[in-house]
Amino acid sequence: MLASWQPVADIRQLRQRAQLLAAIRQFFACRDVLEVETPLLCRATGTDPNLDFFASQFHRTPATQTLFLQTSPEFAMKRLLAAGSGSIFQICKAFRNGETGRFHNPEFTILEWYRVGFTLQQLMDEVADLLLGLLGPDLQRLSVLRISYQQLFTQHTGLDALVFERWAYRQFADGQDYPEADGICGDDHALWLDFLFSHCVQNKMPEDTLCLVFGYPAVQSSLARLNPEDARVAERFEVFINGMELGNGFFELCDADEQEARFDSEIAHRRQHSLPDVAKDKLFLAALKAGLPDCSGVAIGLDRLMMIVSGCDAIAETLAFPIGNA
Amino acid sequence: MATYSTNEFKGGLKIMLDNDPCSIIENEFVKPGKGQAFNRVKIRNLKTGRVIERTFKSGDTVESADVVDVEMQYLYSDGEFWHFMVPDTYEQYQADKNAVSDAVKWLKEQDICIMTLWNDSPLSVTPPNFVELSITETDPGLKGDTSGGGGKPATLESGAVVRVPLFVQIGEMIRVDTRTGEYVSRVKE
C-alpha cells in the first residue's frame, strides 16, 4: 500500500507538541540550565548490545568514513560537561535501528539533561517537577510514587531481583503462563529481569501514578555508578507514567577505566553474538580521563510523553510522519 | 524449510509452533529502553483453532508453516470424508471431520469454499460468506405475516439451524451469512 502524503498527527497535535517544547525550554531557562546542540552524526556510537544503530557513509574524497546516527546525545554532552559547560540540556532526534511498534519509532525526539552536582534523588525531584508541570490540569493530579526496583519487583513477582535463582524465576514464569521464558533467558540474570519486568511488573504499576523506580540491579547498570554501600545496586532510575516507560536516569559513571572496561565487555558480547562491531568512542573516553564533574543525567522520550499529553494509543499518532510514511 | 525472523512477524504470517501450524494474529514489539527487545505475539493454532500468546526474543527465527489457501469446489460427503476439487486442475482432496469442523453445516454441493492446506493436506475449510440453502423443516407461519417479531427456527438442507422470519416456509430457498449464522433474505427462483 502506498503511504499517504498526509501527516498522521493532526494539526492540533502539532500545536500541542510545539507548546510542550516551549514549556520545556522555559523550565530549564528558569533553572539556568544551558541549551546545547551536539552532532547527530558522529564517528563513534555506543557499544550497548541492546541498541542497534544506523550507520552511514561519509564521502570525503578520496576516502570514505563511516558515521553513526546517534542512539542518544549522551557521549557528546558528557564531553561538554568535562569541558566545564555546567548543567546542560538538549532536545534532539535520536535513532535506534529495528525499533518499531506501538511505543517505538526508529527516529524519535529525546530530551536529555545533566545536572552538575545533583544527586540522583535531586534529579528525580526535578524529573517529577518537570513532568507534572507539562501535563494538562487533569493529569497534574497524578500521584508520585518512589519505589526501589527490588521492592516493586518483589511486590509483583515475589522474587528477589538482586538474587538470581533460575529455578525460582522459572517457577514463577511458568505459573504466569510464560513457559517460554526459561528457553529465552537461560542463565542470563539481566535478561530474566527484562522479561519479568516488562511482562509481569510494568503492566501492574498503579494507575494515575508517576512512578520513579530507583536502585536498578547492577547487572543492568549500563552507564550508571554502582551504589557504594551495595554493589548489587546501580545508581539508576526510570520514570513511568501508568506503566509506560518515559525516561532513564543515572548518577553518571566518571571513572574512565571502568567505563572502558564496560565498553570492552560489551564489544566482546557483540562479537560473541555476531552483532555489528563498534569501536569505543575514544573522544568520549578522553573526556572522562580529563575529568567529568559529579553529575546526574536523564533522558526522556518526548514522543511518548506526547502520547500521554494528548491521550494517544500509539506513538505514530503523535508524529507528523512516522516511519510508515516518513 | 524456510524461516522467518521476528522482524518479519505480522498478522497472517504462518509459522510452526510446537509442531503445529499457526497463524500470527497480532505482534507487539516490547523493549525496555536499556534492555532486550521481545516480540509478544498472539497466535492462532490452525489445527485446534486455539489462540495463545507467546513471547520471542527479537531477532530470533522460527520455522515457516507451509500453509496455503486454495479455492475448491465441494463435491460430496461419503460419511467419513468430505471431498473437494480444485476447479482448474480437477485435483481432488478429502477432508476429515476435524478439518471440516463447523463448516460442515454450511456445505452445499457445487459451492466454492476456501480450503486451507498444510503440507498439501486439508487443514480447515472456510465456507463462502453467503450460502443459499433450502428449508427442510420449520413451523408453518401465518399467511400475510410480515417480518418483525422474533422469528422462528428453521432447519436447512445442510443441517444448519437459523432463525428466520415467520413468513418463510418449508421448501423456500434462503440466503444466510455463514460468518454470523444469520438469515439475510429469501431467494427468488
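Does A:R262 count as of a type in the set (D, E, K, R), buried (at least 16 other Cβ atoms within 10 Å of the Cβ) and out of contact with any strand residue (DSSP E or B) (no Cβ under 9 Å at 6 or more places or on another chain)? Before you say what the answer is, go through the steps one by one.
Numbers: of a type in the set (D, E, K, R): yes; buried (at least 16 other Cβ atoms within 10 Å of the Cβ): yes; out of contact with any strand residue (DSSP E or B) (no Cβ under 9 Å at 6 or more places or on another chain): yes.
Here the answer is yes, as A:R262 does meet what is asked.
Which of the numbered conditions does A:G249 fail, given that it passes all the others? Conditions: (1) open to solvent by 10 Å² or more (accessible area, probe 1.4 Å); (2) touching a strand residue (DSSP E or B) at 6+ places or on another chain (Cβ under 6 Å).
Status for A:G249: all satisfied but (1).
Regarding A:F108, is this residue within 14 Å of chain B (Cβ to nearest Cβ), under 30 Å from B:F9 (Cβ atoms) and either among the charged types (D, E, K, R) or assigned to a helix (DSSP H, G or I) (or both)?
So A:F108 fails the test.
Here is a check on your reading of the model: is A:F89 in a helix (DSSP H, G or I), under 26 Å from B:K31 (Cα atoms), open to solvent by less than 40 Å² (accessible area, probe 1.4 Å) and more than 14 Å from chain B (Cβ to nearest Cβ)?
Here the answer is no, as A:F89 does not meet what is asked.
Of all residues in the stretch A:114-133, count the ones that are assigned to a helix (DSSP H, G or I) and either of a type in the set (F, W, Y) or open to solvent by 60 Å² or more (accessible area, probe 1.4 Å) (or both).
Of the residues in the stretch A:114-133, 4 are assigned to a helix (DSSP H, G or I) and either of a type in the set (F, W, Y) or open to solvent by 60 Å² or more (accessible area, probe 1.4 Å) (or both).
A:P276: within 14 Å of chain B (Cβ to nearest Cβ), more than 16 Å from the chain's Cα centre (by Cα) and at pLDDT 95 or above, yes or no? Spell out the reasoning first.
Values: within 14 Å of chain B (Cβ to nearest Cβ): yes; more than 16 Å from the chain's Cα centre (by Cα): yes; at pLDDT 95 or above: no.
Against the criterion (within 14 Å of chain B (Cβ to nearest Cβ), more than 16 Å from the chain's Cα centre (by Cα) and at pLDDT 95 or above), A:P276 does not qualify.
Tell me, yes or no, whether the stretch A:163-186 has at least one residue that is under 17 Å from the mean Cα position of the chain (by Cα), more than 14 Å from chain B (Cβ to nearest Cβ) and surrounded by 18 or more Cβ atoms within 10 Å (Cβ to Cβ).
No, the stretch A:163-186 has no match at all.
Going through the stretch A:188-215 one residue at a time, which ones are surrounded by fewer than 20 Cβ atoms within 10 Å (Cβ to Cβ), among the acidic types (D, E) and within 14 Å of another protein chain (Cβ to nearest Cβ)?
Result: A:D188, single match.
To keep it simple, each residue is scored yes or no on (1) in the same structural domain as B:M173 (by the TED database); (2) at pLDDT below 95; (3) out of contact with any Ser or Thr (no Cβ under 9 Å at 6 or more places or on another chain); (4) open to solvent by 40 Å² or more (accessible area, probe 1.4 Å).
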site	(1), (2), (3), (4)
B:A103	no, yes, no, no
B:Q110	no, yes, yes, yes
B:C113	no, no, no, no
B:D120	no, yes, yes, yes
B:G141	yes, yes, yes, no
B:G144	yes, yes, yes, yes
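Taking strands (runs of 3 or more DSSP E) that do not extend beyond the stretch B:14-90, which have at least 1 residues that are away from chain A (no Cβ under 14 Å)?
By residue number, B:14-17, B:20-30, B:38-45, B:61-63, B:67-77, B:82-85.
With respect to A:G136, determine if the residue is open to solvent by less than 50 Å² (accessible area, probe 1.4 Å) and farther than 19 Å from A:A22 by Cβ.
No; evaluated as a whole, the condition is false for this residue.
Identify the single condition in (1) open to solvent by 40 Å² or more (accessible area, probe 1.4 Å); (2) assigned to a loop (DSSP other than H, G, I, E, B); (3) touching a helix residue (DSSP H, G or I) at 6+ places or on another chain (Cβ under 9 Å) that A:T38 does not satisfy, given that it satisfies every other one.
(1)
From the list A:V163, A:V219, pick out the single residue that is of a type in the set (V, I, T) and not in a helix (DSSP H, G or I).
A:V163
I'd like the residue in the stretch A:220-236 that is in contact with a Leu (Cβ under 6 Å, 6 or more places away or on another chain), surrounded by 19 or more Cβ atoms within 10 Å (Cβ to Cβ) and in contact (Cβ under 8 Å) with a residue 60 or more places away in the chain and, out of all such residues, is farthest from the other protein chains (Cβ to nearest Cβ).
Ranking the candidates gives A:E235 first.
Of A:F58, A:F75, which residue is within 23 Å of A:D32 (Cα to Cα), aromatic (F, W, Y) and not in a loop (DSSP other than H, G, I, E, B)?
Sole residue among the options that is within 23 Å of A:D32 (Cα to Cα), aromatic (F, W, Y) and not in a loop (DSSP other than H, G, I, E, B): A:F75.
If A:R271 passes every condition in (1) part of a helix (DSSP H, G or I); (2) out of contact with any helix residue (DSSP H, G or I) (no Cβ under 6 Å at 6 or more places or on another chain); (3) within 12 Å of another protein chain (Cβ to nearest Cβ) but one, which one does it miss?
Tallying (1) part of a helix (DSSP H, G or I); (2) out of contact with any helix residue (DSSP H, G or I) (no Cβ under 6 Å at 6 or more places or on another chain); (3) within 12 Å of another protein chain (Cβ to nearest Cβ), A:R271 fails exactly one: (3).
Kindly evaluate A:F54 against the criterion of being at pLDDT 95 or above and within 19 Å of the chain's Cα centre (by Cα).
Answer is yes for this residue.
Mind listing whichever residues of the stretch B:28-87 are touching a Cys at 6+ places or on another chain (Cβ under 8 Å) and open to solvent by less than 30 Å² (accessible area, probe 1.4 Å)?
Correct list: B:I43, B:N45, B:A65, B:M72, B:Y74, B:F84.
The values are calculated or read from the model by the stated rules, or taken from the named source; none is laboratory data. Owing to the predicted nature of the structure, the values given are computational and were not obtained by experimental measurement. Reconstructed Cβ throughout: ideal geometry from the backbone, glycine too, with neighbour counts over all protein chains shown. Heavy atoms of the whole protein, side chains included, go into the accessibility calculation; ligands, DNA and RNA do not. Shrake-Rupley method; radii C 1.70, N 1.55, O 1.52, S 1.80 Å.
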